[in-house]
Amino acid sequence: NGIVSVNAYGLIERMTFPLTSEVYKPKERLKEGDTYKSKPPIAAGMVKELVEKGFKIKRVLADSEYGESGSNFLSILEELGIEYAVAIRSNHAVLMASGQRVRRNRWQEFERIHSNGEREKRYIREIIFGKRRQVRYWEITTDKDAIPEGLLGMS
């Protein structure tokens, strides 16, 4: 019975701060007269409102719930000319022309530095569906054991 909210945060010079939030109500919790909105349209409205108030948004980061809702969130970001990096599930489908194949580049090791200074090894590779496009896909993991032998590139 916890309250769920959609939140927008700003980041300036490594400082994170809240900009706005809105309570999300599942359909089964709506009261008479309430209008249901899923989280992606709520987030899209928040971004539009922040831009209308004069905020200069360079980039949006979001999880897979928003990353897989192109028609009502990503399309708004594209319309506003805002860069984005969003998560998608590993089984997310991508349309390709007949005869095209999926290419997975070699894994590359990189170091993630957390805000508290803690360092963590991670691994990333690009996945190309057919041919390289404007929208690019990357797979990231912290589990080196999940990478088949011989597929970790040297940098």
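The values are calculated or read from the model by the stated rules, or taken from the named source; none is laboratory data. Keep in mind that what you see is a predicted model, and the values were worked out from it rather than measured. With ideal geometry, Cβ positions are generated from the backbone for all residues, glycine too; neighbour counts draw on all protein chains shown.
Which residue out of 51, 135, 86 is surrounded by fewer than 14 Cβ atoms within 10 Å (Cβ to Cβ), among the β-branched types (Val, Ile, Thr) and either out of contact with any Asp or Glu (no Cβ under 7 Å at 6 or more places or on another chain) or at pLDDT 85 or above (or both)?
Step by step, each of 51, 135, 86 is checked, and only 135 is surrounded by fewer than 14 Cβ atoms within 10 Å (Cβ to Cβ), among the β-branched types (Val, Ile, Thr) and either out of contact with any Asp or Glu (no Cβ under 7 Å at 6 or more places or on another chain) or at pLDDT 85 or above (or both).
Answer yes or no as to whether residue 23 is in contact with a Phe, Trp or Tyr (Cβ under 7 Å, 6 or more places away or on another chain) and either more than 18 Å from residue 85 (Cα to Cα) or at pLDDT 95 or above (or both). Working first, answer last.
Working: in contact with a Phe, Trp or Tyr (Cβ under 7 Å, 6 or more places away or on another chain): no; either more than 18 Å from residue 85 (Cα to Cα) or at pLDDT 95 or above (or both): yes.
So residue 23 fails the test.
Anything in segment 35-70 that is of a type in the set (Ser, Thr, Tyr) and more than 17 Å from residue 89 (Cβ to Cβ)? List them, or say none. Walk me through how you get there before you give the answer.
The initial filter retains those residues of segment 35-70 that are of a type in the set (Ser, Thr, Tyr), namely 35-36, 38, 64, 66, 69.
Residues satisfying the conditions are 35, 36.
Report the residue count in segment 17-47 for those that are within 20 Å of the chain's Cα centre (by Cα), surrounded by 14 or more Cβ atoms within 10 Å (Cβ to Cβ) and of a type outside the set (A, V, I, L, M).
Of the residues in that region, 9 qualify.
Determine whether residue 109 is over 30 Å from residue 22 (Cβ atoms), of a type in the set (D, E, K, R) and surrounded by 14 or more Cβ atoms within 10 Å (Cβ to Cβ).
Against the criterion (over 30 Å from residue 22 (Cβ atoms), of a type in the set (D, E, K, R) and surrounded by 14 or more Cβ atoms within 10 Å (Cβ to Cβ)), residue 109 qualifies.
Taking segment 103-153, which residues are β-branched (Val, Ile, Thr) and either in contact with a Gly (Cβ under 7 Å, 6 or more places away or on another chain) or closer than 20 Å to residue 67 by Cα (or both)?
124, 127, 128, 135, 140, 141
I'd like to check something: does segment 17-40 contain any residue that is out of contact with any Pro (no Cβ under 7 Å at 6 or more places or on another chain), in a helix (DSSP H, G or I), closer than 26 Å to residue 115 by Cβ and basic (Lys, Arg)? Walk me through it before giving the result.
Applying the first criterion (out of contact with any Pro (no Cβ under 7 Å at 6 or more places or on another chain)) to segment 17-40 yields 17-40.
Remaining after also requiring in a helix (DSSP H, G or I): 27-29, 39-40.
If we keep only those that are closer than 26 Å to residue 115 by Cβ as well, we get 39.
Going one step further and asking which of them are basic (Lys, Arg), we end up with 39.
The answer is yes, given that some residue of segment 17-40 is out of contact with any Pro (no Cβ under 7 Å at 6 or more places or on another chain), in a helix (DSSP H, G or I), closer than 26 Å to residue 115 by Cβ and basic (Lys, Arg).
Return the only residue of 56, 121, 131 being in a loop (DSSP other than H, G, I, E, B) and within 30 Å of residue 14 (Cβ to Cβ).
Among 56, 121, 131, only 56 is in a loop (DSSP other than H, G, I, E, B) and within 30 Å of residue 14 (Cβ to Cβ).
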